[in-house]
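The block underneath contains the structure these notes are about, expressed in structure tokens.
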Amino acid sequence: MLVYLIRRLVNVAVLLLVVSAITFGIFFMVPKLTGSDPALLYVGKIADKAAVEGIRHKMGLDKSIAEQYFLFLKGLFVGRDYSQGTDVTHCSAPCFGYSFKTEQEVWPLLLDRLPVTLSLASGASVIWLVVGTGTGIVSALRRRSVLDRATMVTALAGVSLPIYFTGLLALSIFVNTLGWLPNNYVNFTDDPVEWARNLILPWITLAFLYAATYARLTRATLLEVLGEDYIRTARAKGLKENKVIGKHALRSTMTPILTVFGLDIGALIGGAVLTEKTFDLRGLGYEAVQAISQSDLPVILGVTLFAAFFVIMANLVVDLLYAVVDPRVRLG
Amino acid sequence: MTAPLHDTAAAETALTDVAGPVKAIEGRSPGRIAWDRLKRDKVALAGGAIVLLLILAAIFAPVLTSLFGHPPDQFHPDQINPDLGVPKGAFGGMSWNYLLGVDPTFGRDVFSRVLYGARISLIVAFLSAAVSVSIGVLLGVAAGYFGGWIDAAISRVMDLLLAFPQLLFTIALVSVMPDSLLGLTGTGVRMAILIIVIGFFGWPYIGRIVRGQALSLREREFVEASKSLGAGSVHILLRELLPNLVAPVLVYTTLIIPTNILNEAALSFLGAGVKPPTPSWGQMLSDAVNIYQADPTYMVVPGLAIFITVLAFNLFGDGLRDALDPKGS
């Protein structure tokens, strides 16, 4: 188990290194190839030549890509100094550099945005997990019933709807026309009730989308599991039906759902870009879109890496949980 | 001499006589079975019909707009309330003259813009699916069939790509891409980038499925038989494995197209799609975000266009999967 864990962690580190190298390479090399100058992005187009050169040297943009990448990695782990003559700015680890636009450090910015995205992802994931798997199980057990058909039609519609359309519809109906709900983010620490009230709409809209996928997946998996021999065995030895379902069938049904859940939650924390943009929630995804529209490379790089980190970690956690949920899986 | 002749004729008539009942137990090819099942699945057929209609509508968009609409980029300021910037008429200015209303601020014909948007959507979705399927099948088969380090390398790349924050990465990539590339300009460049990026990030999904299939197929007797007859790897891959992969690949292709439509719309929504004034569904919804309070119709039309298209593809894809499933009844 410990050996497995260490091997996986090394794997995670390598994966992150590769993702960071590719992202860094693309976002700092493509502008070079197409003739736009990152140094110019820092100081603006009207700056004189000396200022541009100064910034270029200070940010290390005059060095080769490989050297810049190395400095970036060094900054992540031990911090780095940006010096311009006698003027030295220290950026402590983990240093993701400075925003081109606001000249603020990227790391505090990421930490500042994270709670909004976490709030969105946590609430929505609870709803979709309960609703999605719940309806999926009921559908599978009452196969071909009216309920099953209704659920599956709704679920198919759900996976075919883009969030920015359902989101706008929800806003239009519940916020603008009926005026039942507000849509201004409030910090959980400031007022938990208002926090939930303001997030209910994005939660439900986002959860509907995912619940649809989960209901379909749960139903399909459970139906397949119910056809397995060991279920027949369990029934044959006289187990009660709810024990057959609850103890034997559901356990292996949960494995693929867990996989998808891990990936989804990781991707969501990394940036629920569309939901945040639709509901004007200033989370990581919103920040990323903002940064992209302003060609703010350090922020783009920061969010992308941050997002990749969550996806990869979520994958690891899922694999570890497998051993707990599915008795057939032994790590080694 | 006449008797045998007569006999043959009798035998022939006998054969033609039993031809009717014999047909009932005639061996049916897997394709035939699938087609018979699909024909009975009315919902899937309806989905397929809508898909066909949409494709035709997209192809004949210029004809349809000249018959029932106005050029997609033509401004109609007379349709716009100058104080509010929204259409004068109710429901986004819908009328016989403007079937789906006009867009806010400019007064362009929404019917024409939705039709032309369908072209972008479908072209990008189909071509990026082609990219995903080509790479996915090629590398998936290679990984599954050859195994060893080839499998390890390809599987690693697939894991890496699935760990990538795709949407973020794509919008960022599109934003740093130049406006002209390889002789293409404007809309052409953006579409090419969308196709390549969406297609590229889509291949691991199909690669995984094909790899799994190839992994189990290579252990089957017919591959063994082919090998013992002296067939080389190329022959086995192309003539033995590939035909067996047609069904899953076909199903996956019809299901990846709606995903691609959603992806293209999402990228356009975030401003990484084709550039205005070229119309696209995602971009129309993105415009609608700023004005939905005053003009909700403008958001409903492209939203429904996406919904109907994606739903139709999904229904057809689901039906096709059930029809091609050897375990199905």
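The values are calculated or read from the model by the stated rules, or taken from the named source; none is laboratory data. All values derive from a computational prediction rather than experimental measurement. Every residue, glycine as well, gets a Cβ built from its backbone with ideal geometry; the counts of neighbours run over all protein chains shown. SASA here: full protein model, heavy atoms, side chains in, ligands and nucleic acids out. Shrake-Rupley method; radii C 1.70, N 1.55, O 1.52, S 1.80 Å.
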| said: Can you compute the charge dipole magnitude of chain A about its Cα centre, using +1 on each Lys and Arg Cβ and -1 on each Asp and Glu Cβ, nothing else charged? Give it in debye, rounded to the nearest 20. | reply: 1700
| Whole-angstrom Cα spans of the protein assembly as shown along principal axes, big to small | 117, 72, 57
| query | Across peptide B:259-268, how many C-beta atoms of other chains are within 10 Å of each residue C-beta, on average? | reply | 2
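Once R0 is set to 60 Å, what does the formula 1/(1 + (r/R0)^6) return for the Cβ-Cβ distance between A:Gln290 and B:Ser228, expressed as a FRET efficiency to the nearest 0.05?
Details: r = 63 Å, r/R0 = 1.05.
It comes out at approximately 0.45.
Using a 1.4 angstrom probe on the protein heavy atoms only, line up B:Phe146, A:Phe27, A:Phe261 by accessible area, largest first. Please list the in-between numbers first.
On the way: B:Phe146 95, A:Phe27 0, A:Phe261 45 Å².
The ranking, largest first, comes out as B:Phe146, A:Phe261, A:Phe27.
Can you check what the net charge comes to around A:Asn184, using other residues whose Cβ is under 13 Å from the Cβ of A:Asn184 (Lys, Arg +1; Asp, Glu -1)? Please list the in-between numbers first.
Details: positive: A:Arg197, A:Arg282; negative: A:Asp190, A:Asp191, A:Glu194, A:Asp280.
Combined, the nearby Lys, Arg, Asp and Glu give -2.
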| query | On the first, second and third principal axes, largest extent first, how far apart are the outermost C-alpha atoms of the range A:106-325 in Å? | reply | 64, 42, 31
| remark: Measuring from its Cα centre, the range A:178-332 shows a charge dipole (+1 at each Lys and Arg Cβ, -1 at each Asp and Glu Cβ) which, in debye to the nearest 20, is 1040
| message | Need the list of aspartates and glutamates near A:Lys63 for cross-linking: C-alpha distance under 18 angstrom, and skip anything on the same chain fewer than eight residues off. | response | A:Asp37, A:Glu53, A:Asp81
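Helices from chain A with mean Kyte-Doolittle at least 1.6 and a Cα length along the axis of 18 Å or more, per DSSP H: which?
Going by DSSP H runs, the hits are A:2-33, A:297-325.
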| said: Which order do the peptides B:67-77, A:300-310 come out in when sorted by mean C-beta neighbours inside 10 angstrom, highest first? | reply: A:300-310, B:67-77
| Once every DSSP H run of n ≥ 4 in chain A is given -39500 (n - 2.57) and the sum is divided by its residues, what mean residue ellipticity at 222 nm do you get, rounded to the nearest 500 deg cm²/dmol? | -23500 deg cm²/dmol
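Where does the charge balance sit around B:Trp149 when Lys and Arg score +1, Asp and Glu -1, over other residues with C-beta under 15 Å from its C-beta?
Values: positive: B:Arg156, B:Arg211; negative: B:Asp151.
Residues close to B:Trp149 contribute a combined charge of +1.
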| query | Dipole of the protein assembly as shown (Lys/Arg Cβ +1, Asp/Glu Cβ -1, origin at the Cα centre): which of A:Phe188, A:Leu147, B:Val301 lies farthest to the positive side? | reply | A:Leu147
| request: Give me the net charge of A:Gly132's neighbourhood, meaning all other residues with Cβ under 11 Å from the Cβ of A:Gly132; Lys, Arg count +1, Asp, Glu -1. | output: +1
| field | For the range B:308-324, Karplus couplings with θ = phi - 60° (6.51, -1.76, 1.60), whole Hz, Gly/Pro x | value | 4, 4, 5, 4, 4, 4, 5, 4, 5, x, 4, x, 5, 5, 5, 5, 8
